[in-house]
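The values are calculated or read from the model by the stated rules, or taken from the named source; none is laboratory data. Please read all numbers here as calculations on a predicted model, not as lab measurements. Cβ coordinates were reconstructed from backbone atoms using ideal geometry, including for glycine residues, and neighbour counts include every protein chain displayed. For accessibility, only protein heavy atoms count, side chains too; no ligands or nucleic acids. Shrake-Rupley method; radii C 1.70, N 1.55, O 1.52, S 1.80 Å.
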Amino acid sequence: MAGVAANNFELVEKIPLYIPGKPIQEVKREYGLGRIVKLASNENPYGPTPAVKERILKAVSGSDDEGIGLYPVSDGFYLRQAISERRKVALNKIVLGNGSAEIIEMAAKACFIAGGSAVIPRHSFAIGGIATQSSGGRVIETSASATEVDVEAVIKAVEPDTRMVYIANANNPTGVQIERDGIARLVKTLRDDILLVVDQAYAEYANPGEFSDASEFLGERENLLVLHTFSKIYALAALRIGYGLGNERIITLLERVRSPFNTNHVAQVAAETAIRDVEFVASCREKNQQAKDIFFNEAKKYPCTASGNAGNFVLLETAIPAPDLFVQLLKKSVIIRPMHGYGLPQHLRVTLGRPEEMEAFWTAIAPILGA
Ligand SMILES: Cc1ncc(COP(=O)(O)O)c(C=O)c1O
């Protein structure tokens, strides 16, 4: 309508829409298909353990102390206690989120309350940019490739109004891992007033000793936030739960912008049981590595290039535009993630599933790629 006063909706309309992996039910409905193989959202194909499922059922059936008719413990004290024991981090250095994505949003709210910019490498996980813009911040995208994050470019791109630097280690969708030197350089070089957010959603998939955990620098840099999720190796994506580690001041800031009761009781108790099961994590890590080795070998047979040495997914570059290949695979009951929205028009991201799922993927894609 002419004459309507300018509001901020035009700015909101500039925020990229997050496009999630297509749900199995939707593909079945749209294509009239039966069994679907979903390799689109980097979930753990093995699902949670029986102990976690039992704990969930107990929470749902309720007792004097718990049940879904009651509000959850707002700050997730008991889960934070379990995280504190497992990660050897003090309780007041832990914050919980409705998925780690919500903690990125909380950090953005705190950083951009009066505007400012975030420096984010190209091809990074999308929520860093979306959260920045929806909190009133501006994104400065730095150069990066599908196989490398340029830490020096991040440092150079910082402007006087920069309030946050977001990097994912390992990065989704590229599977690129930043070495310890790179993390240390950011920790030591970035201005003290900039919040460095290191998103470690896939850290548990790395072999112990082969990953540089940014939480080692918490004693060195106050403005540091390290993120983890229960959606990946812990197989609790549907429950939406993640955690952040930071110094007391940062965690207290996030508590101020956190919605009350942001994490639900079922998620809290499931995560509490899951984080104690060290063997489950080790076995999933091992199966993921086997799936990855097989994938890279298989990819050599076709005109395509596989990359990404970290996480539970692989990036696959082919000569076919990613959206076309995505649809062709959907019609063959396989859901993957086309990466054109991430500036990678010829790349697919394929989550590493169970052996039979990976076989189904190669059976579907082989005739399309041509041997
Ligand atoms: C790098 C990265 N960070 C965060 C997330 C979001 O995880 P959550 O389910 O905990 O919100 C993802 C999910 O794909 C991710 O790849």
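The table that follows gives values for the structure above.
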{"read-out": "Residues satisfying the stated conditions in region 301-337, i.e. on the phi > 0 side of the Ramachandran plot and under 21 Å from the mean Cα position of the chain (by Cα)", "value": "Gly308, Gly311"}
{"read-out": "Qualifying residues in region 73-127 (those that are assigned to a loop (DSSP other than H, G, I, E, B) and in contact with a helix residue (DSSP H, G or I) (Cβ under 6 Å, 6 or more places away or on another chain)) - the one nearest to Ile233 (Cα to Cα)", "value": "Gly76"}
{"read-out": "Any hit, region 30-43, residues being over 30 Å from Met339 (Cα atoms), surrounded by 13 or more Cβ atoms within 10 Å (Cβ to Cβ) and within 16 Å of the ligand (Cβ to nearest atom)", "value": "no"}
{"read-out": "Inter-residue pairs, beta-carbon under 9 Å, first more than 27 Å from Ser333 (Cα to Cα) and in region 38-61, second modelled with pLDDT under 95 and small (Gly, Ala, Ser), 6+ apart", "value": "Ala59/Gly67; Val60/Gly67; Ser61/Gly67"}
{"read-out": "Residue match in region 128-141 (condition: assigned to a helix (DSSP H, G or I), in contact with a Ser or Thr (Cβ under 6 Å, 6 or more places away or on another chain) and more than 16 Å from the ligand (Cβ to nearest atom))", "value": "no"}
{"read-out": "Members of region 196-222 that are open to solvent by 30 Å² or more (accessible area, probe 1.4 Å), of a type outside the set (D, E, K, R) and either farther than 25 Å from Ala51 by Cα or in a helix (DSSP H, G or I) (or both)", "value": "Gly209, Phe211, Gly219"}
{"read-out": "First in region 117-142 and not assigned by TED's automatic domain parsing to the domain that holds Arg191 and modelled with pLDDT of 95 or more, second anywhere and open to solvent by 10 Å² or more (accessible area, probe 1.4 Å) and assigned to a loop (DSSP other than H, G, I, E, B), Cβ under 6 Å, 6 or more apart", "value": "none"}
{"read-out": "Positions within region 301-350 being over 30 Å from Pro208 (Cα atoms), basic (Lys, Arg) and open to solvent by less than 10 Å² (accessible area, probe 1.4 Å), in sequence order", "value": "none"}
